[in-house]
Amino acid sequence: MSQNTLNPLSKSQDAVAAPSRRIVELPMRLFHTFLALSFAGAYVTSESERFRIVHVSLGYTLVGLIVFRILWGLIGPRQSRLSAIWRKFQGIQDFKDDFKTFPASLLQWNGQTLRKLASVVLSAAALLTFGVSFFIAATGYAVYNEMTGDWMAEVHEFFGNSFLILVLVHVAVVALLVVGKKSQGLRPMWSGRREGLGPDVAKTNHLVVGWMLALGVLAFLVFQLA
């Protein structure tokens, strides 16, 4: 009888010791979490007059998070730079060449090709999200302060729904990658780590920046809602 059979804890110990590597630092993980919660809360309270201040506060939080993301994309680590997002668009050239021999090229697509396509779609959705969020803030500010007529509320709602569509596209692409076993889903964004061998993409976790971001968001919401 083997030693692993005699030791009932061996399997759990092996699972704990499974190799993984850090691919997402704490600030980016907190950014995605707060962004999702802020938009969900703002969208749910958008039609409620009673929770109007909550809606407005979460909207401001969302925009503040986008500003943080842009700044972090300029001064943060290499894997989170905005230039990294832009580099993913270079894969578009591959698809342009494929369409020259379409539909024969479609039969030659493999998992790597689909992953590149998903990367381009996710990057486009991310950049559009940055732009849409500022339109949401500008129109929301105008509506809240009654600077224009009722038509601005319709414009604000349009950009809010546009943001929702971008979120749904993001979720759908991630789900498609999970089904195709080309992604581990949201687990890397929660834990910051991806299963498998290899060096850490995120060399450090940037704990100080992460905690500053978390405290900043919580302090702003307490100040707004107190």
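Quick note: the coordinates plus some simple rules give every number you see, no bench work behind them. Note that the coordinates shown come from a computational prediction; the quantities given were computed from them, not determined experimentally. Positions of Cβ are generated from backbone atoms using ideal geometry, with glycine treated the same way; all protein chains shown enter the neighbour counts.
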**Asked** Which ³J(HN,Hα) values, rounded to whole Hz and listed in residue order, are derived for the stretch 210-220 from phi using the Karplus coefficients 6.51, -1.76 and 1.60 in 6.51 cos²θ - 1.76 cosθ + 1.60 with θ = phi - 60°, glycine and proline given as x?
**Response** x, 5, 5, 5, 4, 5, x, 5, 5, 5, 4
**Prompt:** What residues qualify as long-range amide H neighbours of Ser20, i.e. H under 5 Å apart, gap of 5 or more or another chain, H built at 1.01 Å from N?
**Reply:** Gly196
**Fill in**
For Phe130, Phe39, ascending order of other Cβ atoms within 10 Å (fewest first) is Phe130, Phe39
**Request:** Could you run the Karplus curve 6.51 cos²θ - 1.76 cosθ + 1.60 with θ = phi - 60° over the stretch 59-73 and give me ³J(HN,Hα) per residue in whole Hz, x for Gly and Pro?
**Result:** x, 5, 4, 4, 5, x, 5, 5, 4, 4, 4, 5, 5, 5, x
**Asked** Ordered by residue, what ³J(HN,Hα) values in Hz, to whole numbers, does the stretch 114-124 give under the Karplus form 6.51 cos²θ - 1.76 cosθ + 1.60, where θ = phi - 60° and Gly and Pro are x?
**Response** 5, 5, 5, 4, 4, 5, 5, 5, 5, 5, 5
**Fill in**
Exposure proxy check on Leu213, Leu225: fewest-to-most Cβ neighbours within 10 Å is Leu225, Leu213
**Message:** Using Cβ counts within 10 Å as a stand-in for footprinting exposure, how do Phe135, Phe89, Phe68 rank, fewest first?
**Reply:** Phe89, Phe135, Phe68
